[in-house]
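J.: Structure provided below as structure tokens; questions to follow.
The values are calculated or read from the model by the stated rules, or taken from the named source; none is laboratory data. The shown structure was predicted, so the numbers you read here are calculated from the model rather than taken from an experiment. Cβ atoms come from the backbone with ideal geometry, glycine included; neighbour counts cover every protein chain shown.
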Amino acid sequence: MADIVFFCTSCGHESGKWLGQCPGCGEWNSFAEQPSAPRKRKTAAARPRRGARAVPVTEAAATPIERLETGLDGLDRVLGGGLVPGSLLLLAGEPGIGKSTLLLQVAAALARRGGPVVYVTGEESADQIALRAKRIDGLHPQLLLLPETSCEAVLAQLEAIEPTLVVVDSVQTAVLDEVEAVAGSVSQVRQVASRFQHLAKTRGVPVVLVGHVTKDGMIAGPKLLEHLVDVVMSLEGEPGHDLRALRAGKNRFGTVAELALYSMTGRGLEPVQNASAWLLEDRRSGASGSAVAVALEGTVPLLVEVQALAAPSALGTPRRVAQGLDSSRLALLLAVLERHAGVGFGDRDVFVNLVGGLSLREPALDLAVAAALISSAADLPLASELAVFGEIGLLGEVRAVSRAAERVREAAALGFGRVAVPSRDANGKLGLPATPISTVADLPMLLQRSGEPEGR
Ligand code: TYD
Ligand code: MG
């Protein structure tokens, strides 16, 4: 009993007894019983380095960070300019979302540019990967497939190769023989990752680990590795939609706000060139319950349609369903509208959807969500040429958001003729006529009553 401890399979929190909810990450039912990791054998990476010299920051700043461009549109931007040699990266995402496809595309692109790229595959056979490579037009002799789950064997193979990139697909299938735990367990995932970190640092090669995120929590989640790796990227998407969003949740070499959009096609992931136009493609103008929001993810403004449906409820407790938006934010907006705009939703089911399968958390979407809700409740449309952004506070006030002029420029570029914005933003020089909104009580004036000309 002495060496049996319980681990959170999501974040690695240790406990002497089983817990229903992890105090570390708040995950439920994530505790599993496991033998603890061997403590005696320390990896080389864990040993303190001798001979490190204190350097003046000015000197350190003079050496620019070298970056290896992947050539894949969007990914380089998310990374802050490309892969940094010697860094350890994690690509997280649910199974089937396209992680292997994305990395195989990157691997093939770098192989084409000369350096050998090693793609370690513990989940699929070399044949399966080759089939995928063929599909994405990624057949190249410098792309080396290594179907191996033993971490020691992989590291031994890599001694003889000078790779420009190493991909490990996935970290949860790799095992170190010296660690007495099953693949995917907390101790294995941790130790395997630290071995690859050592490889990255000593050989100056970028190493990308693939990490599955699963809802059942039975295998150790990528959260466990967040502190260890330099960059955490996640690939997200809704089942049934082609749209995939790539973003960095942590980046030691760049910002974390950038978003890259791809569409999953028959030939792999293709960057979505004009994301706003793509997202608004199927929009029906003149329908009630629809508002176009201007979000800003990183440096890229993004127009996206918010759809709301408020319908009489047959249930005692009406339903609140948010897709692509935070559901607690929706609950807050409904309460604010009830109190400060006099629009009640107490007896209605409310559904709100961000069209296209994208998930966004930006507060600047608030105003568009509120406008769509009011439009649906009144069954009156907003002007089809109108784009909306602004953050809503608990008192119903509409607050200014960052980079208003850039948002308006994107709206104008897509043919929108007017914006409804926070009053403070409306004072600035915007490129389009702007309706200032100071509280949610102003929102009903955006509704188009029949017979009225558009665009008031
Ligand atoms: P995959 O990269 O295997 O996902 P992950 O590694 O995250 O589990 O991609 C899985 C899905 O992508 C699968 O359903 C097939 C689809 N797909 C395409 O639609 N087009 C393609 O060119 C490829 C390679 C995959
Ligand atoms: Mg895969």
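J.: For region 347-363, name all the residues that are assigned to a loop (DSSP other than H, G, I, E, B) and closer than 12 Å to Val294 by Cα.
T.: Leu360, Glu362
J.: Answer yes if at least one residue in region 95-113 is at pLDDT 95 or above, surrounded by 22 or more Cβ atoms within 10 Å (Cβ to Cβ) and assigned to a strand (DSSP E or B), and no otherwise.
T.: So far as region 95-113 goes, no, none of its residues is at pLDDT 95 or above, surrounded by 22 or more Cβ atoms within 10 Å (Cβ to Cβ) and assigned to a strand (DSSP E or B).
J.: If you don't mind, another one. Restricting attention to region 180-211, which residues are away from ligand 2 (no atom under 16 Å from the Cβ), assigned to a loop (DSSP other than H, G, I, E, B) and either closer than 12 Å to Leu228 by Cβ or at pLDDT below 90 (or both)?
T.: Hits for region 180-211 are Glu180, Ala181, Val182, Ser185.
J.: For Leu89, state whether it is part of a strand (DSSP E or B) and closer than 21 Å to Phe196 by Cβ. Reasoning before the result, please.
T.: Numbers: part of a strand (DSSP E or B): yes; closer than 21 Å to Phe196 by Cβ: yes.
Yes.
J.: Would you call Thr214 assigned to a loop (DSSP other than H, G, I, E, B), out of contact with any Leu (no Cβ under 7 Å at 6 or more places or on another chain) and closer than 30 Å to Gly356 by Cβ? Please lay out each step first, then the result.
T.: On the way: assigned to a loop (DSSP other than H, G, I, E, B): yes; out of contact with any Leu (no Cβ under 7 Å at 6 or more places or on another chain): yes; closer than 30 Å to Gly356 by Cβ: yes.
Criteria met by Thr214.
J.: Please determine, by comparing only the residues of region 114-155 that are part of a loop (DSSP other than H, G, I, E, B) and of a type in the set (Ser, Thr, Tyr), which one is nearest to ligand 2 (Cβ to nearest atom). Break it down into steps so the answer makes sense when it comes.
T.: From region 114-155, those part of a loop (DSSP other than H, G, I, E, B) are 114-116, 122-125, 136-142, 147-149; that's our starting set.
From what is left, the residues that are of a type in the set (Ser, Thr, Tyr) are 125, 149.
On the way: Ser125: 12, Thr149: 14 Å.
Looking at residues that are part of a loop (DSSP other than H, G, I, E, B) and of a type in the set (Ser, Thr, Tyr), I get Ser125.
J.: Of the conditions (1) in contact (Cβ under 8 Å) with a residue 24 or more places away in the chain; (2) surrounded by fewer than 21 Cβ atoms within 10 Å (Cβ to Cβ); (3) more than 28 Å from Gly71 (Cβ to Cβ), Gln188 fails just one. Which one is it?
T.: (2)
J.: Could you please let me know if Ala183 is out of contact with any Pro (no Cβ under 9 Å at 6 or more places or on another chain) and in contact (Cβ under 8 Å) with a residue 24 or more places away in the chain?
T.: On the way: out of contact with any Pro (no Cβ under 9 Å at 6 or more places or on another chain): yes; in contact (Cβ under 8 Å) with a residue 24 or more places away in the chain: yes.
Yes, satisfied.
J.: Can you list residue pairs whose Cβ atoms sit under 7 Å apart, with the first residue in region 407-422 being over 15 Å from Ala364 (Cα atoms) and free of Cβ contacts under 8 Å to residues at least 12 places away in the same chain and the second being of a type outside the set (Val, Ile, Thr) and in a loop (DSSP other than H, G, I, E, B)? Count only pairs 6 or more apart in sequence or on different chains.
T.: Qualifying pairs under 7 Å: none.
J.: If you check every pair at least six apart or on different chains, which have Cβ atoms under 7 Å apart with a residue in region 84-109 that is within 16 Å of Leu209 (Cβ to Cβ) first and a residue that is within 9 Å of ligand 1 (Cβ to nearest atom) and of a type in the set (Asp, Glu) second?
T.: Ser100/Asp169; Leu103/Asp169
J.: Go over the candidates Ala426, Ala368 one by one and state the one that is closer than 19 Å to Ser290 by Cα and either in contact with a Pro (Cβ under 7 Å, 6 or more places away or on another chain) or of a type outside the set (Asp, Glu) (or both).
T.: Working: Ala426 fails: closer than 19 Å to Ser290 by Cα.
The match here is Ala368.
J.: If you take the residues of region 170-182 that are surrounded by 14 or more Cβ atoms within 10 Å (Cβ to Cβ) and not aliphatic (A, V, I, L, M), which of them is farthest from ligand 1 (Cβ to nearest atom)? Working first, answer last.
T.: Filtering region 170-182 for residues surrounded by 14 or more Cβ atoms within 10 Å (Cβ to Cβ) gives 170-176, 179-181.
Filter again for not aliphatic (A, V, I, L, M), leaving 170, 172-173, 180.
Numbers: Ser170: 8, Gln172: 12, Thr173: 12, Glu180: 28 Å.
Here the answer is Glu180.
J.: Output the number of the condition that Ala92 fails; it satisfies all remaining conditions of (1) within 14 Å of ligand 2 (Cβ to nearest atom); (2) at pLDDT 95 or above; (3) hydrophobic (A, V, I, L, M, F, W, C).
T.: (2)
J.: Does at least one position in region 132-143 carry a residue that is in contact with a strand residue (DSSP E or B) (Cβ under 7 Å, 6 or more places away or on another chain), within 16 Å of ligand 1 (Cβ to nearest atom) and closer than 17 Å to Gly12 by Cα?
T.: no
J.: Being within 15 Å of ligand 1 (Cβ to nearest atom) and within 14 Å of Thr70 (Cβ to Cβ) is true for just one of Val167, Val84, Val120. Which residue is that? Give the steps one after another, and end with the answer.
T.: Numbers: Val84 fails: within 15 Å of ligand 1 (Cβ to nearest atom); Val120 fails: within 14 Å of Thr70 (Cβ to Cβ).
Of the residues listed, the single one that is within 15 Å of ligand 1 (Cβ to nearest atom) and within 14 Å of Thr70 (Cβ to Cβ) is Val167.
J.: Sticking with this structure for a sec: In region 135-164, what residues are hydrophobic (A, V, I, L, M, F, W, C) and closer than 15 Å to Leu110 by Cβ?
T.: If we filter region 135-164 for residues that are hydrophobic (A, V, I, L, M, F, W, C), which is where we start, we get 136, 139, 143-146, 151, 153-156, 158, 160-161.
Those that are hydrophobic (A, V, I, L, M, F, W, C) and closer than 15 Å to Leu110 by Cβ: Ile136, Leu139, Leu143, Leu144, Leu145, Ile161.
J.: Would region 39-53 turn up any residue that is modelled with pLDDT of 80 or more and loosely packed, with under 10 Cβ neighbours inside 10 Å? Step through it out loud before you land on a result.
T.: Within region 39-53, the first condition is being modelled with pLDDT of 80 or more, and the residues that meet it are 53.
Keeping just the survivors that are loosely packed, with under 10 Cβ neighbours inside 10 Å gives 53.
Checked region 39-53: at least one residue is modelled with pLDDT of 80 or more and loosely packed, with under 10 Cβ neighbours inside 10 Å.
J.: May I pose another question? Can you name every residue in region 137-163 that is touching a residue at least 40 places away in the same chain (Cβ under 8 Å) and surrounded by fewer than 21 Cβ atoms within 10 Å (Cβ to Cβ)?
T.: Residues satisfying the conditions are Asp137, Leu155, Leu158, Ile161, Glu162.
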